[in-house]
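K.L.:
Pasting a structure below so you can have a look.
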Amino acid sequence: MALQEYKCPCCSGAITFDTALQKLKCPFCDTEFDVESLRGYDADLKEEGAENLEWNTDAGSQWTEHEEDSLRSYVCHSCGGEIICDENTAATECPFCGNPVVMMHQLKGSLKPDYVIPFKLDKKAAVEGLKNHLSSKFLLPKIFKDENHLDEVKGVYVPFWLFDADADADIRYRATRTRMWSDSNYNYTETSYFSIYRAGGIGFDYVPVDGSSRMADDLMESIEPFDYSGAVDFQTAYLAGYLADKYDVDAETSVARANERVKNSTVDAFRDTVNGYVTVTPEATNIRLHNGKTKYALLPVWILNTTYKDEKYTFAMNGQTGKFVGNLPTDWGKFWRFGALITAIASAVIYGGMWLWQLL
């Protein structure tokens with residue numbers, strides 16, 4: 001299996017993609033290279049044969065069939081170290097010399113992405129994003145803020161399926177209006193029910209569905225949206241210096257999630273045209289898709305992992321826009337004290353209002 005590693009023509013150092021410059025840059029001699037100018041270089045590297053530094057020994061036991069199918073072994077061109085990764089890793093770095101490498105075998109044929117959105121924000125921005133995320137959380141345990149230690153910070157190109165389609169829809173909503181009044185004996189509430197019908201068309205571009213089973217769907221959807229005007233034709237040079245996965249959830253499997261997102265968005269968009277009611281609930285939907293297209297893209301995500309009281313917490317940051325999400329522990333002492341304070345304030349307001357009403 002072949003590795004692709006970008007070498008600086010000036011000093012032979014491993015070059016990486018610089019988010020600030022949006023170019024490839026050598027960290028040793030600071031030479032900069034435009035991505036487009038390396039197309040020919042990229043093509044030449046793809047033709048190079050892979051080194052074979054493996055040998056057979058009688059040590060160890062045989063892999064099971066499942067283990068053999070899920071593991072990949074590569075040899076680093078810079079130091080000769082062996083790189084072990086799973087079947088979905090498309091880019092990583094050598095654990096011995098730290099040089100970034102791209103697993104060309106994983107990107108061949110039907111696995112080659114159509115687009116990539118390059119990282120705009122670097123590792124420093126990801127760490128700063130976590131600090132800002134923690135600073136605004138009132139109920140977070142103080143020790144988590146003060147002594148939190150990051151176990152891992154990694155930039156990952158996550159595989160996504162992007163769905164384009166036009167939708168025609170007929171939707172019926174059940175709506176209500178409420179009228180309240182009172183007399184000397186009773187309080188009255190009158191609820192009127194209405195059937196609302198909406199029909200029309202709506203277009204969707206770049207509806208994303210996470211193509212990696214290792215990334216939680218809710219985490220990936222929480223860092224949306226991405227700005228797809230920043231998407232460029234895929235070049236392996238963009239992967240240098242980052243991790244990358246290829247999809248292990250195919251487009252056909254992802255259609256169900258895409259349909260769900262399209263349907264929910266259509267229902268919400270049409271419901272926004274229904275005004276003047278207390279409640280509006282969809283009762284029946286008929287949505288027809290046409291001109292459907294699917295593209296495969298790699299999108300930039302920073303993943304940060306930390307451990308607190310033996311529990312792992314994972315955060316994600318959009319590597320293009322900086323949107324940051326992640327679950328956090330709760331200081332339940334603060335929670336109950338805050339709840340008691342709110343209850344006390346509410347009781348005081350109610351008591352004060354009753355006292356004022358009696359005076360009037």
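K.L.:
Note down the magnitude of the dipole of the range 123-329 about its Cα centre, charges +1 on Lys and Arg C-beta and -1 on Asp and Glu C-beta and zero elsewhere, to the nearest 20 debye.
P.N.:
400 debye
K.L.:
Something else now. Using θ = phi - 60° and the Karplus curve 6.51 cos²θ - 1.76 cosθ + 1.60, what whole-Hz ³J(HN,Hα) does each residue of the range 303-312 get, with Gly and Pro shown as x?
P.N.:
Working through the residues one at a time gives 10, 10, 10, 9, 10, 9, 6, 6, 10, 8 Hz.
K.L.:
Let me ask something additional. Check Phe234: other-chain or 5+ apart residues with amide H under 5 Å from its amide H, H built from backbone geometry?
P.N.:
Tyr115, Val116
K.L.:
Around Phe28, which amide H atoms from residues at least 5 apart in sequence, or from another chain, sit under 5 Å from its own amide H, with H modelled in the peptide plane?
P.N.:
none
K.L.:
Quick one: grab the alpha carbon gyration tensor of the range 123-329, order the square roots of its eigenvalues as a ≥ b ≥ c, and give me rounded if a/c is under 1.5, else prolate or oblate depending on whether a/b is larger than b/c. Working shown, then result.
P.N.:
Details: a/c = 3.19, a/b = 1.40, b/c = 2.27.
Taking the square roots of the gyration eigenvalues as a ≥ b ≥ c, the range 123-329 is oblate.
K.L.:
Could you list, in their original order, any pairs among Lys124/Lys295; Lys23/Lys124; Lys123/Lys293 whose Cα atoms are separated by more than 23 Å?
P.N.:
Beyond 23 Å: Lys124/Lys295; Lys123/Lys293.
K.L.:
In the range 123-329, with Lys and Arg counted as +1 and Asp and Glu as -1 at Cβ, which of these residues, Tyr186, Tyr247, Ala231, has the Cα nearest the positive end of the dipole, that is, farthest along it?
P.N.:
So the residue furthest toward the plus end is Tyr186.
K.L.:
Can you tell me which of 224-235, 315-326, 163-174 comes out highest on packing, and rank the rest after it, using the mean Cβ neighbours within 10 Å?
P.N.:
The peptides rank, most packed first, as 315-326, 163-174, 224-235.
K.L.:
With respect to the cross-link table entries Lys131/Lys312; Lys112/Lys263; Lys7/Lys112, which display a Cα-Cα separation exceeding 27 Å?
P.N.:
On the way: Lys131/Lys312 17 Å; Lys112/Lys263 29 Å; Lys7/Lys112 22 Å.
Violating the 27 Å limit, Cα to Cα: Lys112/Lys263.
K.L.:
Whole-Hz Karplus ³J(HN,Hα) for the range 248-264, in order, using 6.51 cos²θ - 1.76 cosθ + 1.60 and θ = phi - 60°, x for Gly and Pro?
P.N.:
So the Karplus estimates, Gly and Pro as x, are 10, 10, 6, 4, 4, 5, 7, 4, 4, 5, 4, 4, 4, 5, 5, 5, 4 Hz.
Any read-out appearing in this document is the output of simple, stated calculations on the displayed coordinates, not a laboratory observation. All figures in this text were calculated on a predicted structure; none of them were measured in a lab. All Cβ positions, glycine included, derive from the backbone under ideal geometry; neighbour counts span all protein chains shown.
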